[in-house]
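The block underneath contains the structure these notes are about, expressed in structure tokens.
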Amino acid sequence: MTSATRPVTVPARGAWSPWIRGATSVAGVAIGSLAVGGLTSFGQQYLPEWTSSFTNSAGGWTMLAFGIVWLSRARPALGAVLGAVSFLLMVEGYGVVSAWRGYFYADPFTSVWTIIALVAGPVIGLSAAIARHGSRLRSALATVPLSAVLLGEGVWALVAIADTTSPVYWIIEIVLSAVVVAVTIGRNRLTVRQAAAVAGASLAASAVYVALWTLLDIWR
């Protein structure tokens, strides 16, 4: 009698590619976010006064988180997760470096920014991934959260805290918001109607952002 040997199944060459890409995306986002958080601690001390608001702004970290996830090439599902991871690691990277430099910071994962990271992070990460991989209109609409935060925070800051901060950075945020909308419209070659929809959505979302921050100021 001869014993039969079972055929050996060899994985296809590209079978591991999605996992490798995913791991690369996760590693890139983790490293980039920790670096950004750590550098923010130094930026608060060493950036010129007219740009120092960057290190204390929601728009600053939103831009960076969006960019980091976009550069990671993550697909939407992973992008949503990485958006939260990016914000969390920025917060914790900032806390670790600040503590190392002798400044007090809250215990890990206990500050209000942790909650904000878990709420806003997935939205920004998902938006970045769709902006990279979506169809033309979806890709353009995916930049609305980013442009809305930049415009909304810029307008709110010029009204609410202009007496305690330099207006330069807030004006830069407003300009960057317009640049984001213009670039995404041009990059995706939208029709006039589509372009108007994207611009209108950005303005509407910005108005909501300003209203929420204004109500929060009143409540406090």
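Selection of the range 97-109 for residues being crowded, with 16+ Cβ neighbours inside 10 Å and not in a loop (DSSP other than H, G, I, E, B) yields VAL97, SER98. Taken together, VAL112, VAL81 contain a single residue that is open to solvent by 80 Å² or more (accessible area, probe 1.4 Å), without any contact (Cβ under 8 Å) to a residue 12 or more places away in the chain and farther than 18 Å from GLY43 by Cβ, which is VAL112.
The residues on offer are ALA128, ALA106, ALA142, and the sole one that is closer than 19 Å to MET90 by Cβ and modelled with pLDDT of 95 or more is ALA128.
A quick yes/no check of all residues on (1) of a type in the set (Gly, Ala, Ser); (2) closer than 25 Å to ALA23 by Cβ:
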site: PHE66; (1), (2): no, yes
site: ARG73; (1), (2): no, yes
site: ALA77; (1), (2): yes, yes
site: GLY83; (1), (2): yes, yes
site: LEU88; (1), (2): no, yes
site: VAL97; (1), (2): no, no
site: GLY102; (1), (2): yes, no
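A residue that is surrounded by fewer than 20 Cβ atoms within 10 Å (Cβ to Cβ) and acidic (Asp, Glu) cannot be found anywhere in the range 133-154. For the criterion of being in contact with a Pro (Cβ under 8 Å, 6 or more places away or on another chain) and over 28 Å from ALA30 (Cα atoms), ALA205 passes. Within the range 182-189, is even one residue open to solvent by 60 Å² or more (accessible area, probe 1.4 Å) and more than 22 Å from the chain's Cα centre (by Cα)? The answer is yes, given that some residue of the range 182-189 is open to solvent by 60 Å² or more (accessible area, probe 1.4 Å) and more than 22 Å from the chain's Cα centre (by Cα).
One residue stands out among those in the range 48-66 that are assigned to a loop (DSSP other than H, G, I, E, B) and over 29 Å from HIS133 (Cα atoms): the one that is least open to solvent (accessible area, probe 1.4 Å), which is THR51.
A quick yes/no check of all residues on (1) more than 21 Å from THR55 (Cα to Cα); (2) at pLDDT below 95:
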position	(1), (2)
ALA148	no, no
GLY152	no, no
VAL159	no, yes
ARG193	yes, no
ARG220	yes, yes
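In the set (1) touching a helix residue (DSSP H, G or I) at 6+ places or on another chain (Cβ under 8 Å); (2) open to solvent by 10 Å² or more (accessible area, probe 1.4 Å); (3) part of a helix (DSSP H, G or I), ALA162 fails one condition alone, (3). Look at (1) within 21 Å of ALA84 (Cβ to Cβ); (2) open to solvent by 60 Å² or more (accessible area, probe 1.4 Å); (3) without any contact (Cβ under 8 Å) to a residue 40 or more places away in the chain and you find that VAL192 fails only one, number (1).
The values are calculated or read from the model by the stated rules, or taken from the named source; none is laboratory data. These numbers were taken from a predicted model, which means no experiment stands behind them. Please note: Cβ atoms are built from the backbone with ideal geometry, for glycine as well, and neighbour counts cover all protein chains shown. SASA here: full protein model, heavy atoms, side chains in, ligands and nucleic acids out. Shrake-Rupley method; radii C 1.70, N 1.55, O 1.52, S 1.80 Å.
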